[in-house]
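Notes follow the structure.
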């Protein structure tokens with residue numbers, strides 16, 4: 001039997017650790033624009049001091065490592081010191097949490113394809129990855145978005161973004177970092193559950209075809225994708241069971257069994273809906289991959305609202321973050337119930 005190269009052994013180990021049963025990933029990789037909008041919604045001044053204070057609040061939450069395996073950081077956060085002088089990635093490791101970093105630099109319009117985007121960041125990616133690894137990152141994330149609409153997404157948009165995701169993943173693995181590949185089908189629009197399923201199937205299938213072409217080691221990466229949901233403006237009433245069955249049916253058709261794990265994004269769902277639906281998906285027996293979560297707003301919103309930029313609110317805000325993390329840790333075990341909210345209240 002051909003021995004596994006040492007670099008691949010490290011990738012496999014990290015990928016498995018990120019989907020450690022009963023844990024998930026905290027996405028705290030908001031760009032300046034996104035975090036600024038969230039701060040503004042709570043009248044929090046968007047200053048460097050407030051950004052640092054908020055991200056330190058997240059990273060130093062006591063016992064968070066019991067429910068969170070990894071934390072995706074924004075580039076600025078990799079060099080951020082916390083109050084005791086430790087750099088934030090080292091503080092995460094101290095709490096048993098693996099540091100990662102978002103490496104795409106945002107979306108831009110896809111020329112000649114109105115309403116569609118591609119994602120930037122491949123320029124100088126090799127150099128940036130070497131720097132991120134030196135600063136403590138062990139995994140990376142890259143997001144591509146796909147809108148559903150009249151004639152959307154186009155085959156060109158799917159192909160372009162799938163190729164870019166594959167180049168990102170291959171370059172990350174070359175640098176010894178586990179890539180989290182995120183093709184996100186957006187919730188905006190009036191599409192049905194079935195339409196979302198059809199589009200997601202085509203997108204994910206194309207992404208894995210390009211990953212194969214670029215010789216990405218599938219056992220050293222993770223897929224981050226959305227649950228199959230009707231569009232926000234559809235008005236279609238669906239149950240958590242229908243969402244779970246459709247989501248698993250689609251993914252079982254197109255995600256190879258040697259991918260260690262699939263982590264679901266919340267994609268604009270409120271925190272309770274995201275947890276309930278995650279729980280329903282994870283109740284099904286024996287999928288070929290480990291199922292988990294990589295939530296941003298659905299983990300952070302309650303904590304951000306409690307903190308509101310006031311240092312006096314750090315401890316209660318951390319309690320809100322830990323509570324939501326524990327709810328989702330229960331959900332990935334299929335053990336969350338509505339009563340859980342009252343137990344931890």
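Of all the listed residues (9, 60), the sole one being closer than 27 Å to residue 221 by Cα and within 22 Å of the chain's Cα centre (by Cα) is 60. Being part of a strand (DSSP E or B), within 21 Å of residue 268 (Cβ to Cβ), under 19 Å from the mean Cα position of the chain (by Cα) and at pLDDT 95 or above is a condition met by at least one residue of segment 130-141.
For the condition touching a helix residue (DSSP H, G or I) at 6+ places or on another chain (Cβ under 6 Å), at pLDDT 95 or above and within 28 Å of residue 148 (Cβ to Cβ), what is the one hit in 105, 118, 77?
On the way: 105 fails: touching a helix residue (DSSP H, G or I) at 6+ places or on another chain (Cβ under 6 Å); 77 fails: within 28 Å of residue 148 (Cβ to Cβ).
118 is the lone residue from the list that is touching a helix residue (DSSP H, G or I) at 6+ places or on another chain (Cβ under 6 Å), at pLDDT 95 or above and within 28 Å of residue 148 (Cβ to Cβ).
Within segment 255-262, identify whether any single residue is surrounded by fewer than 20 Cβ atoms within 10 Å (Cβ to Cβ), touching a helix residue (DSSP H, G or I) at 6+ places or on another chain (Cβ under 6 Å) and in a loop (DSSP other than H, G, I, E, B), and answer yes or no. Taking every residue of segment 255-262 in turn, at least one turns out to be surrounded by fewer than 20 Cβ atoms within 10 Å (Cβ to Cβ), touching a helix residue (DSSP H, G or I) at 6+ places or on another chain (Cβ under 6 Å) and in a loop (DSSP other than H, G, I, E, B).
Residue 290 meets all of the listed conditions (1) more than 23 Å from residue 59 (Cα to Cα); (2) out of contact with any helix residue (DSSP H, G or I) (no Cβ under 9 Å at 6 or more places or on another chain) but one, namely (2). Can you name the residue in segment 180-216 that is under 16 Å from residue 162 (Cα atoms) and part of a loop (DSSP other than H, G, I, E, B) and, of all such residues, is nearest to the chain's Cα centre (by Cα)? Looking at the filtered set, the residue picked out is 186. Just one of the listed residues (85, 121) is within 20 Å of the chain's Cα centre (by Cα) and either without any contact (Cβ under 8 Å) to a residue 40 or more places away in the chain or part of a loop (DSSP other than H, G, I, E, B) (or both), and it is 121.
Note on segment 286-345: enclosed helices (runs of 4 or more DSSP H) holding 2 or more residues that are without any contact (Cβ under 8 Å) to a residue 12 or more places away in the chain and more than 24 Å from residue 240 (Cβ to Cβ) are 314-331. Contact annotation: residue pairs with Cβ atoms under 6 Å, 6 or more positions apart or on different chains, pairing a residue in segment 13-24 that is part of a loop (DSSP other than H, G, I, E, B) with a partner that is surrounded by fewer than 17 Cβ atoms within 10 Å (Cβ to Cβ), are 22/333.
Residues of segment 5-18 include at least one that is farther than 16 Å from residue 299 by Cβ, touching a helix residue (DSSP H, G or I) at 6+ places or on another chain (Cβ under 7 Å), at pLDDT below 95 and surrounded by fewer than 20 Cβ atoms within 10 Å (Cβ to Cβ).
Selection of first residues in segment 67-78 that are on the phi < 0 side of the Ramachandran plot and assigned to a strand (DSSP E or B) and of second residues that are surrounded by fewer than 19 Cβ atoms within 10 Å (Cβ to Cβ) and at pLDDT 95 or above, restricted to Cβ pairs under 8 Å at least 6 apart or on distinct chains, gives the following pairs, ordered by first then second residue: 69/17; 69/20; 70/17. Residues that are under 14 Å from the mean Cα position of the chain (by Cα) and part of a helix (DSSP H, G or I) were ranked within segment 263-285; the one that is surrounded by the most Cβ atoms within 10 Å (Cβ to Cβ) is 278.
The values are calculated or read from the model by the stated rules, or taken from the named source; none is laboratory data. Since the structure is predicted, the reported quantities are computational estimates derived from the model, not experimental observations. Every residue, glycine among them, receives a Cβ derived from its backbone with ideal geometry; neighbour counts consider all protein chains shown.
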